[in-house]
1. Conditions: (1) in contact (Cβ under 8 Å) with a residue 12 or more places away in the chain; (2) crowded, with 17+ Cβ neighbours inside 10 Å; (3) under 30 Å from VAL158 (Cβ atoms). ALA83 meets all but one. Number of the miss?
2. Would you check which residues across the range 123-146 are within 19 Å of THR110 (Cα to Cα) and either surrounded by fewer than 16 Cβ atoms within 10 Å (Cβ to Cβ) or at pLDDT below 90 (or both) and list them?
3. How many of the residues in the range 50-93 are near the ligand (Cβ under 8 Å from one of its atoms), of a type in the set (Val, Ile, Thr) and within 21 Å of the chain's Cα centre (by Cα)?
4. Looking at the range 23-49, which of the residues that are within 14 Å of the ligand (Cβ to nearest atom) and among the polar types (S, T, N, Q) is modelled with the lowest pLDDT?
5. Take the residues of the range 109-133 that are outside any helix (DSSP H, G or I) and polar (S, T, N, Q): which is farthest from SER38 (Cα to Cα)?
Amino acid sequence: MVPESRTRTMSDARRRVALQIAFALLSAGLLSAQEQQSFPEGQGKDTFLRICSVCHGPQIVLGRGNTVDGWTQVVLNMVQRGAQGSEEEFGEIVQYLAKNFPPKAEGSVTTVNVNKASAEEIKTALDIALKDAQSIVAYRQQNGPFKTVEQVEKVPGVDAAKIESKKDRITF
Ligand code: HEC
């Protein structure tokens, strides 16, 4: 008879092996094509993917923005946590990150075409309530395409001040 604890140990062991394999694949930089594609091409990309994928997915940097100084702090922090690489490699990583993940304000602004986008897209790009974005979509369906920001601001129910503050992001 196999004691219950033994079966449990075996499945734990199997899970551990699976984890180790996943870990080894990640460390070897064999990320799925989709994962690699979310990173812009450029000098330092391979070094970044190789060194920064050992402990967590490289996706951890997505959606963050930093200056060279900011990324240097992050990388130094990772070195303290045990990231392995040469000074040159870390320098390359900082340059790659600073170039491709700059501070939000200086990064390219996301724009949205208010005549084509879904309510969900408008909500995200303009940082407004979904309800307001839905009003914009409903309005254009009834009245035809918008031509000016003022027209968008006059849609009943939307927060005109908010639209005004994000007008750089609106395209027609
Ligand atoms: C030795 C393991 C290890 C390596 C290699 C590593 N990290 Fe980390 N990283 C961590 C740990 C641990 C955390 C903390 C996770 C948490 O807070 O849940 C972390 C968190 C982060 C965070 C989010 C937290 C923060 O400080 O803002 C970023 C961004 C990050 N790492 C970037 C990098 C980059 C870039 C590299 C490549 C230079 C890298 N990591 C390599 C261990 C590592």
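1. Failed condition: (3).
2. Within the range 123-146, THR124, ALA125, ASP127, ALA129, LEU130 meet the criteria.
3. Qualifying residue count, the range 50-93: 7.
4. In this case the residue turns out to be SER27.
5. ASN115
The values are calculated or read from the model by the stated rules, or taken from the named source; none is laboratory data. Not measured: the values here are computed from a predicted model. As a convention, Cβ positions derive from the backbone with ideal geometry for all residues, glycine included, and neighbour counts pool all protein chains shown.
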